[in-house]
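So the structure is just underneath, and the comments pick up after that.
No lab work stands behind these numbers, since they all come straight from the coordinates. Keep in mind that what you see is a predicted model, and the values were worked out from it rather than measured. All Cβ positions, even for glycine, are placed from backbone atoms using ideal geometry, and neighbour counts span all protein chains on display.
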Amino acid sequence: MQVGVPKEIKTHEYRVGLTPGAVREYVAAGHSVSVETNAGAGIGATDDNYRTAGATILDSARDVFASSDMIVKVKEPQPSEWALLRENQILFTYLHLAPDPEQAKGLLKSGCTAIAYETVTDAHGGLPLLAPMSEVAGRLAIEAAGAALRRYAGGRGLLMGGVPGVQPARVVVLGGGVVGTHAARMAVGLRAEVTILDRSIPRLRELDELFEGRVRTKFSTIEAIENEIFAADVVIGAVLVPGASAPKLVNRGMLSSMRKGAVIVDVAIDQGGCFETSRPTTHADPTYEVDGVIHYCVANMPGAVPLTSSQALNNATLPFGLALANKGFAAVLDNPHLRAGLNVHRGRLTYQAVAESLGLPCSQIEQVAA
């Protein structure tokens, strides 16, 4: 199969769909790989590095899309890229379609087969292609919160871990999944006071054992969320409903009762955000203020550390990408985990949670494969 890797064009997105090491694996498996010139610049990979790995370097994204059977990216395709996709072409990337009806329309119109990293599953019921970026985003969330807490950034002027004799920051994490766990680890490591809220009692038990009493765990209710965020210096939004829009756990009314200069980091912003006042921001302009509360809502947080992120992502995506390259769409039919990743095929939505969020009909895979 001819595999294409365009340069990412989302604002301050420095990751790359395939590293030179991953290209070598595709080439060794008998596939051809085309890479847009300078696609790997953000991770320090030159065109010569890709040539050495066996790739062909092309001058433009248009050339890459036109010559490839499968496109491997990191972030969702931007409007200029929708027009380059075509029928029967496979797109393998993060999509986050639920809060993005315009992208959904663009993909449906193209007729392509779009497989979303964030809904591919594994044998343990996990989301293996979302997990590595969730790990990165969870850890970055605490770094971002610490910077936003500084007075010149509009925050309370508080040091995350405090100093002897001075209370540290109070960090509340909404959601005890991968993002929430890694955010809590970072915050605990900085000696912040940490509380994790989740609606799964078994998960709360796991977290209690994992952190050995160094964090407080609390069952998530409206009352519990209110009590915690009103006293918090930092709130990390780390909730996830696979494929669907994130639930709005904190409304505008709650926000007005939070501490002035407190910081919200909405890691769920790719799925629409879990705070009513959230809107996507960029690395170039990451924060804004509502009712005295600083909001950090960067939609591609791991893009700030592209070398770490690209390597971690490629480690996870490689076996799935090779399966697609080896078998094409048949791999989706044969592999239940790739099947869970199928969001769009030949002009139809195929993922129920996405369809419900967009208010559009959903087709079963048996229908679209017929």
Rank Asp47, Asp122, Asp270 by mean-square fluctuation in a GNM of the chain with C-alpha springs under 10 angstrom and give only the top-ranked residue. Asp122
Output ³J(HN,Hα) for the stretch 48-63: one whole-Hz value per residue in order, computed from phi by the Karplus curve 6.51 cos²θ - 1.76 cosθ + 1.60 with θ = phi - 60°, and x for Gly and Pro. 5, 4, 6, 4, 4, 6, x, 8, 9, 9, 10, 7, 8, 4, 4, 5
If I take every Cα pair under 8 Å that is 6 or more residues apart in the chain, average their sequence separation and divide by the length, what percent do I get for the relative contact order? 19
Per 0.36 nm of contour for each residue apart, how much would the distance between Ser60 and Val166 grow if the chain were fully extended, relative to their Cα-Cα spacing? 32.6 nm
Quantify how much of the Cα-Cα distance distribution of the stretch 17-157 extends past 18 Å, in percent. 65
In percent, how large is the relative contact order of the stretch 2-87, given Cα pairs closer than 8 Å and 6 or more residues apart? 40
In whole Hz, the Karplus estimates of ³J(HN,Hα) for the stretch 125-140 (6.51, -1.76, 1.60; θ = phi - 60°; x where Gly or Pro) are x, x, 10, x, 8, 8, 4, x, 6, 5, 4, 5, 5, x, 6, 5
Given 16 as the ceiling on other Cβ atoms within 10 Å, longest exposed-site-free region of the chain for GluC sites (Glu not before Pro) in DSSP loops: 88-211
Could you name the lysines in cross-link range of Lys75, using Cα to Cα under 28 Å and dropping any fewer than eight places away on the same chain? Lys7, Lys10, Lys105, Lys109, Lys248, Lys327
Diffusion coefficient in µm²/s returned for the chain by Stokes-Einstein, Kirkwood Rh over C-alpha pairs, 10 °C and 1.306 mPa s, is 75
Residues listed by number, the stretch 264-287, amide nitrogen under 20 Å from Tyr152 label point at 7 Å toward C-beta: 283-287
So who's got an amide H within less than 5 Å of the one on Ile196, skipping anything under 5 residues away but keeping other chains? H placed 1.01 Å off N, in plane. Val173, Arg216, Thr217, Lys218
Shape verdict for the stretch 131-303, please, from the Cα gyration tensor: rounded (a/c under 1.5), prolate (a/b greater than b/c) or oblate. rounded
Ile57 long-range amide H proximity, modeled H, under 5 Å: Val35
Rounded if a/c under 1.5, otherwise prolate or oblate - the stretch 249-336, Cα gyration tensor axes: prolate
What FRET efficiency do you get for Cys362 and His283 if R0 is 35 Å and r is their Cβ-Cβ distance, rounded to the nearest 0.05? 0.55
Under the Karplus curve 6.51 cos²θ - 1.76 cosθ + 1.60, θ = phi - 60°, whole-Hz ³J(HN,Hα) for the stretch 188-193, x wherever Gly or Pro sits: 5, x, 8, 6, 6, 8
The stretch 131-303: relative contact order from alpha carbon pairs under 8 Å, six or more residues apart, as a whole percent, is 21
